[in-house]
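Everything on this sheet refers to the single structure shown next.
The values are calculated or read from the model by the stated rules, or taken from the named source; none is laboratory data. Not measured: the values here are computed from a predicted model. Neighbour counts are summed over all protein chains in view; Cβ atoms, including those assigned to glycine, are modelled from backbone coordinates with ideal geometry.
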Amino acid sequence: MEDKKDALISKTISMLLDNGFSVADTRGQFSASFDIIARRDIERYVLKVLYNIDTLKPTTAYELAKVAKFLRSTATIVGEKTGGGLLEDGVIYYRHGIPISSLETFRNYINGERPYIYSGPGGFYVKINGEALREMRMKMSLSIGYLSHYLGVSRRSVSLYESGSSATIDIFLKLQEIIKGDLVDHQDLFKILPEELPEERVQDIYVQMLLDILERIGLDTRPAYRMPFDVLARDEDVISLIASILSEDTESTKIQLMKRISDVLEEDAFLISKRSTTRENINGCPVVNLVDLERITGKDELLRMLEKRAR
């Protein structure tokens with residue numbers, strides 16, 4: 001299973017590179033929450049790859065959604081199969097609120113072909129553009145009763161479709177037979193994610209200190225678990241940051257990976273030293289000691305310091 005997953009990760013990375021993305025490959029390196037960070041112009045993705053999408057754990061889904069939100073990216077999963085068989089191309093699946101697709105569906109999506117079918121309890125569904133349906137029905141002088149009889153559903157079901165409810169794929173195809181027009185609500189199925197993230201208890205005192213300082217200067221923050229960094233931070237505008245507490249056993253590969261993620265997303269990453277240090281960066285990643293950080297009075301001051309120390 002692991003070999004199949006690794007092969008799928010490699011295929012996904014190759015596809016992204018072929019389509020003009022910058023990529024950070026994080027598989028198996030300090031991260032169980034995501035495998036790939038990718039950017040192309042303003043498109044940014046945090047991807048998890050699973051051979052069987054049913055193995056996704058709620059905690060992994062939550063961490064994936066969190067890092068995507070704080071790095072202003074789209075969280076998605078590329079998968080191969082589910083318990084019922086191979087994933088269908090052109091269909092979006094969901095597990096714990098995360099959108100999932102086959103590699104081919106994702107390839108088509110980044111090339112401008114948005115899927116409109118999603119998997120739900122009992123089958124495949126299409127979200128109906130209720131206003132368009134109502135306008136076209138009235139233009140064709142079709143009553144709700146006639147349409148319900150033609151579709152083999154209740155009048156209430158037709159009213160729900162006109163209110164924007166989803167229809168099963170077979171009902172949608174029947175609608176298309178009688179009403180010749182675009183009835184799809186073309187919302188981006190890859191960007192349906194829970195907006196609210198629950199608060200988390202922090203065990204590490206230094207991580208909590210860093211969170212407190214960043215919040216004081218006006219940043220929203222969250223601790224990061226099972227990732228190559230310890231803290232995520234952002235403001236309401238454009239700032240996104242990742243930071244890690246530097247210790248004697250911090251591995252250089254972790255720092256390099258953190259810097260690679262920073263470079264791909266063109267966001268700031270920095271290391272926090274618990275003690276006073278003369279080092280200003282490691283592998284191009286700025287180093288700030290806690291004492292200096294505590295003296296900072298605002299976001300702009302922090303960004304200027306990071307820019308200076310990254311040189």
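Observations on the model:
- Total residues in segment 214-253, condition surrounded by fewer than 19 Cβ atoms within 10 Å (Cβ to Cβ) and within 14 Å of GLY298 (Cα to Cα): 7
- The residue that is surrounded by the fewest Cβ atoms within 10 Å (Cβ to Cβ), counting only those in segment 7-27 that are in contact (Cβ under 8 Å) with a residue 60 or more places away in the chain and assigned to a strand (DSSP E or B), is SER22.
- Unmet requirement for PHE190, which otherwise passes all of (1) without any contact (Cβ under 8 Å) to a residue 40 or more places away in the chain; (2) within 30 Å of LYS69 (Cα to Cα); (3) in a helix (DSSP H, G or I): (1)
- Selected residue (only one of THR297, THR277 is in contact (Cβ under 8 Å) with a residue 40 or more places away in the chain and surrounded by fewer than 17 Cβ atoms within 10 Å (Cβ to Cβ)): THR297
- Taken over segment 145-170, the criterion of being farther than 20 Å from GLY123 by Cα, surrounded by fewer than 17 Cβ atoms within 10 Å (Cβ to Cβ) and among the aliphatic types (A, V, I, L, M) is satisfied by no residue.
- Enumeration of residues in segment 69-125 that are in contact with a strand residue (DSSP E or B) (Cβ under 8 Å, 6 or more places away or on another chain), in a loop (DSSP other than H, G, I, E, B) and farther than 28 Å from ILE239 by Cα: GLY83, LEU87, GLU88, GLY90, SER102, PRO115, TYR116, GLY122
- Scanning segment 171-183 for residues being within 15 Å of LYS127 (Cβ to Cβ) and out of contact with any strand residue (DSSP E or B) (no Cβ under 6 Å at 6 or more places or on another chain) gives a total of 5.
Conditions tested, residue by residue: (1) among the hydrophobic types (A, V, I, L, M, F, W, C); (2) surrounded by fewer than 22 Cβ atoms within 10 Å (Cβ to Cβ); (3) without any contact (Cβ under 8 Å) to a residue 40 or more places away in the chain.
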position: VAL49; (1), (2), (3): yes, no, no
position: LEU64; (1), (2), (3): yes, no, yes
position: GLU88; (1), (2), (3): no, yes, yes
position: PRO115; (1), (2), (3): no, yes, no
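- Condition met for LEU265 (within 20 Å of ARG27 (Cβ to Cβ), in contact (Cβ under 8 Å) with a residue 40 or more places away in the chain and not acidic (Asp, Glu)): yes
- Filter result (over 12 Å from VAL67 (Cβ atoms) and under 17 Å from the mean Cα position of the chain (by Cα)) within segment 242-262: SER262
- Selection status of ALA32, of a type in the set (Gly, Ala, Ser), under 15 Å from the mean Cα position of the chain (by Cα) and at pLDDT below 95: yes
- Boolean, GLN208 is touching a Pro at 6+ places or on another chain (Cβ under 9 Å), closer than 30 Å to ILE37 by Cα and surrounded by fewer than 15 Cβ atoms within 10 Å (Cβ to Cβ): yes
- Condition broken by LEU173, with the remaining ones in (1) surrounded by fewer than 20 Cβ atoms within 10 Å (Cβ to Cβ); (2) in contact (Cβ under 8 Å) with a residue 12 or more places away in the chain; (3) farther than 30 Å from ALA233 by Cα satisfied: (2)
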